[in-house]
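Only the coordinates and a few stated rules stand behind these numbers; no lab work does. The structure displayed is predicted, hence computed values, not measured ones. Here the Cβ positions follow ideal geometry from the backbone for every residue, glycine too, while neighbour counts run over all protein chains shown.
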């Protein structure tokens, strides 16, 4: 058994190496002000499998910027080991996780763990996840999500996925990877540009704009089957898809009547309705948790963010500061609006508290674009530029935590953070 | 094959008439009747290029091979210097009602991709409006935008950006062959 699992792992490692060129690598460039000191003891069980799970859990928690890993000095524990809380407190840990890779009664591989509050000397919880040699990192992400939620009170996003576009060697690749950039797979390869990917609320589909017909056309693409269909291919340009919260409709931008205006359409392309009626450009529609569609419009002379009821009607202006505010993205929790603002010629990510209307510029870069919220509303993924190359950057909604994701051979752009995994 | 040759011949005739006034809504009719009465469809060697378009549209010596209209920064209006070129294209479309044109608007790389897509659309619409006013039919024209996605010049300075603030005109012949 041991030998077989090792062989599978080796094959997997070789495959991973072959894909390395297209893999995202991640770099942490900023962390939270106060981080929770947490100890993750080495998981017990099959050493290769246990190492993968341990490393995944530690890397996830550290990368989030909210935790400081406490040195465990190589101590291996399992979920049933007696815990000496005082010893872990002395090492500086507020929390400790211990677990193992083992077999369930019916012979399936399981990753199990327990989490302890060493300050109070109590167990906070524990879980077991059925896994396999190819899902060890997934099991690690699940465990990291549990630890994150128990210690911060909000849901973790380590098990989520991201989509983005890589431009490499004259080709455009729509890729999907785990939130840590690992396991990248290409959903679509095209000789023409692909922009504006957005995840369906159930995480099963992507809507995007492809230029393969020499013009922008909106598609919906089922990720598991690879099947896709055209949602909007009217005369003129078709772009900027945004899913309704129930996943039934898409807001799209069509120029069929001359100017770029917002419409909504069923996900199968039927039932077209016009949403905005303006004398200018209306684009970048996104449904908010408040039932409004947030969008960019130049109806007032410069591009600014507005909102309108999803069924249409009068629009209200949302941004007033500066002459260029675009790409509105309401957070899933409805509290924050992320957008791109131009300040002294620099395009930067900004966040508006929707209750107080206070605006904070979150980056000091010059070419930020296409923000996308993590499903827990804490992090915002953007495309930006470093050393002349397109990279992705994840920034916390308070601007303190920053991570950078890049691909060795190519430009990465158009990120979209997927929903919580189901 | 025969179908293709007729527009090719037509275009030769039109270019010959360089002193003809700019076409108005009724322009093209006399030209059509002239060929209609002709009754002969002579084959012009090399009359079509590799994409099945008349050489007149693609031969670098022909004014109709000029397909790009450049725009000023933050501008979505066709400059006066392009009025003659658009008149030539309109004239061709009037004389060749079976031909279609795809107008692709473009912008420089700065700012939001989707907002730029809408700005590129405004440039394409401006070109389309000019051609329509000069007699081209709505159903011959489609204006679309490539936004900042297909830069002609991949540089990151004003000289590159000025090349990318542009509208391009692509032709498709009556038989469906062509550039889009």
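Starting from one equal scatterer on each C-alpha and no solvent at all, send me the Debye-based log10 I(q)/I(0) for region A:161-417 at q = 0.14, 0.16 Å⁻¹, two decimals. Each listed q corresponds, in turn, to -0.92, -1.25. The mean count of C-beta atoms from other chains within 10 Å of the C-beta of residues in B:136-144, rounded to a whole number, is 3. Relative to the current alpha-carbon distance between residue A:135 and residue A:122, full extension at 0.36 nm per residue lengthens the span by 1.7 nm.
In the protein assembly as shown, the DSSP beta bridges split such that about 90 percent are antiparallel, to the nearest 5. Among the residues of A:280-292, the average count of other protein chain beta-carbon atoms within 10 Å of the residue beta-carbon is 2. Once the Cα atoms are used to define both axes, helix A:136-152 deviates from the longest principal axis of chain A by about 80 degrees. With the alpha-carbon atoms of the protein assembly as shown aligned to their principal axes, the span from lowest to highest coordinate is 102, 57, 44 Å, starting with the largest. For peptide A:320-331, the mean count of partner chain Cβ atoms within 10 Å of a residue's Cβ comes to 1.
To the nearest ten degrees, helix A:47-63 and the longest principal axis of the Cα atoms of chain A are 50 degrees apart.
Per-peptide packing, taken as the mean over residues of other Cβ atoms within 10 Å, places A:79-92, A:182-195 in the sequence A:182-195, A:79-92 from highest down. Would you mind classifying region A:38-96 by shape? Square roots of the alpha carbon gyration tensor eigenvalues, ordered a ≥ b ≥ c; an a/c under 1.5 is rounded, otherwise it is prolate if a/b is larger than b/c and oblate if not. Oblate.
Compared with the dominant principal axis of the Cα atoms in chain A, helix A:2-18 is inclined by about 30°.
At an R0 of 51 angstrom, the distance between the Cβ atoms of residue B:180 and residue A:25 translates into a FRET efficiency of 0.85.
Taking a ≥ b ≥ c as the square roots of the Cα gyration tensor eigenvalues, with a/c under 1.5 meaning rounded and otherwise prolate when a/b beats b/c, else oblate, which class fits region A:25-152? The shape class here is oblate.
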